[in-house]
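Everything below concerns the one structure shown next.
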Amino acid sequence: MSGSSIHHLPDTAQMPAQEQILDTIRTTVEGDLSPPEQSATAHQETQDVENSPVARMTTTASEVPYSVFSPQKKRALCAAATCTGLLSPFSTSIYFPSITQVATDLGVSVEKINLTVTTYMIFQGLAPSVWGSFADVLGRRPLYLLTLSIYAVANLALSLQNTYAGLLVLRMVQSAGSSATIAIGAGTIGDITTPSERGFYMGVFSGGVMVAPAIAPVLGGLLSRSADSWKASFWFLFAIGISLVAVLFVWLPETGRAIVGNGSIRASGWNQSLLQKLERKKHPEVDESEVIAIKKPLRLGNPLRCVVMILQKDVATVLAGHAFIYVGYYCITVAFSSQLKTVYNLNTLQIGLCFLPYGVGSSIGSVASGKILNQEFARFAKAAGYGADGGRSVRQNPDFPIEKARLRMGFPMIIVSAVLTVAFGWTFRVNVSYAAPVTILFFLGLSIVGFFTCVQVILVDLYPQESASVTAANNLVRCLLGAGGSAVVDIVVDKIGMGWTFVIVAGMDLLAVPVLFLEYKKGGDWRRERLYKIKAEEDRKKEIEKEDSERRVSDRTADTIENQSIQEAAGIEKN
């Protein structure tokens, strides 16, 4: 392997060692990773792949499948992940139409009730950093059951309490339970999908989750009007939560790769669904080849793992660009609700209905973005000689330009979002019909949430074995910043008006362009450098373990020789 093939690594003095380690990364575990002969029409952006030593090898005849789950099972798992994942944004948005009613009933100001939204978002960012790490280590299924149980209990308590302090604290508990489902759901998608299909599945997952902000305000408005109480929403959420716990307990199989690998390893304990337990009791005679032992030492998740991920250059850059857009997204949703009441004097049900186009646009944008991401991946893989599917070769080849395949379509979405954000703000300023901001909101959903899908997919691609943790890292950054934005947006609107407020928000959106362009150009180098460090650290640990083992053997040998000498001396003396 020539030194020029990995010119991206900075320390030229260590170049031979780095080449060897990167070559090991490409070829370990899954065999030869190379693509077939390259076509003459390959795209210029994939020349680094074409010219790499990997590209000059030959492909293995067969591969162990990345996942043994059938397409039908994958769709069912994606649907389950989507249904649970929408709980967090659903629980936020169902509350919006009743904010004024809650403030009146509890005898506090609207600002204090808005504080319960802010604290909800803070926990929405913090909690997944704990749950995501545990889900990567202990499996998806136990964490689903635990967090959804917490969520159901919190909703029951919210339905029964009558104080502002109780509302504030229990909303935090509610958030701690519901917010984990997005990280675990994204982890589930990462467990069962290859990069060539991940865009579509992640698009469906994100699109389903984004339906919540559209439906929830309408439903919240209907429930509060029909029951004449804002607590009806929490009773409804309790019913949803407890129903999901029951369904997942009975049916949901484990997908965590640390527990079941590609799905071929048999789960046990809480990782095993009730249906699987009943099936195995019915058919106890199992081929030994099917039962791959999972008697592993119990390991606990590391809540600080997502912080470590945030500090990686490639991940940090993606998260920073995403955070700029996400803050703007929350500013839009919070201001939209309050301004519809202030400017147009709409009631809670009407305000909820105005969110529907936003949700529809968000869902369409997410699913469409997922399909386009699959097409982009196929184009890059085919140009690099891997074929449209890419297969395991792409997953294991650090030279493949995954950052370009995922981020290229995000830049026009950001620019469109910024333009629409300015238009959104000024429609309120000039007092046109509320049909104008509602229409703009539909197209904002298309562009903003389409961009979110790009980010979610690239993050899972960067950490495919820890997809829940990296999603939790994303949640931590975006929700904390989003909480800040939602807390100040109404204050800024009161000071300078909707028009200029959203000019500032649009400017913040555009800051994401240079940040993500840096990832587009340098992200591959940073990723390879990170892989080199990981591999070097693993090799160092193995070397230490080897030395310790050899030392123990040497010590035991010396002890044995010494004991034999003592016994021989004792025998001679006795004779």
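Before moving on, here are some points about what is shown:
- Within this structure, Glu519 passes the test of being assigned to a helix (DSSP H, G or I), in contact with a Leu (Cβ under 8 Å, 6 or more places away or on another chain) and among the acidic types (Asp, Glu).
- Looking across the stretch 120-135, the residues that are open to solvent by 20 Å² or more (accessible area, probe 1.4 Å) and not aromatic (Phe, Trp, Tyr) come down to Ile122, Leu126, Val130.
- Some residue of the stretch 201-209 being closer than 18 Å to Ala76 by Cα, among the hydrophobic types (A, V, I, L, M, F, W, C) and either open to solvent by 40 Å² or more (accessible area, probe 1.4 Å) or outside any helix (DSSP H, G or I) (or both): yes
- Residue list for the stretch 333-350, filter: open to solvent by 40 Å² or more (accessible area, probe 1.4 Å) and of a type in the set (Phe, Trp, Tyr): Tyr344
- Some residue of the stretch 527-539 being surrounded by 10 or more Cβ atoms within 10 Å (Cβ to Cβ) and in contact with a Ser or Thr (Cβ under 8 Å, 6 or more places away or on another chain): yes
- Of all residues in the stretch 299-332 being among the hydroxyl-bearing types (Ser, Thr, Tyr) and surrounded by 22 or more Cβ atoms within 10 Å (Cβ to Cβ), the one that is nearest to the chain's Cα centre (by Cα): Tyr326
- Residue pairs meeting the criteria (Cβ under 8 Å; at least 6 apart or on separate chains; first in contact (Cβ under 8 Å) with a residue 12 or more places away in the chain, in the stretch 231-247; second of a type in the set (Val, Ile, Thr)): Ser233/Ile94; Phe236/Ile94; Leu237/Ile94; Leu244/Thr84
- Taken over the stretch 463-491, the criterion of being open to solvent by 10 Å² or more (accessible area, probe 1.4 Å) and either over 23 Å from Lys112 (Cα atoms) or basic (Lys, Arg) (or both) is satisfied by Tyr463, Pro464, Gln465, Glu466, Leu476, Val477, Arg478.
- Candidates Leu77, Leu160, filtered to the one that is more than 19 Å from Tyr330 (Cα to Cα), open to solvent by 40 Å² or more (accessible area, probe 1.4 Å) and of a type in the set (A, V, I, L, M, F, W, C): Leu160
The values are calculated or read from the model by the stated rules, or taken from the named source; none is laboratory data. Computed from a predicted structure; not experimentally measured. Reconstructed Cβ throughout: ideal geometry from the backbone, glycine too, with neighbour counts over all protein chains shown. Side chains included, ligands, DNA and RNA excluded: accessible areas come from the protein's heavy atoms. Shrake-Rupley method; radii C 1.70, N 1.55, O 1.52, S 1.80 Å.
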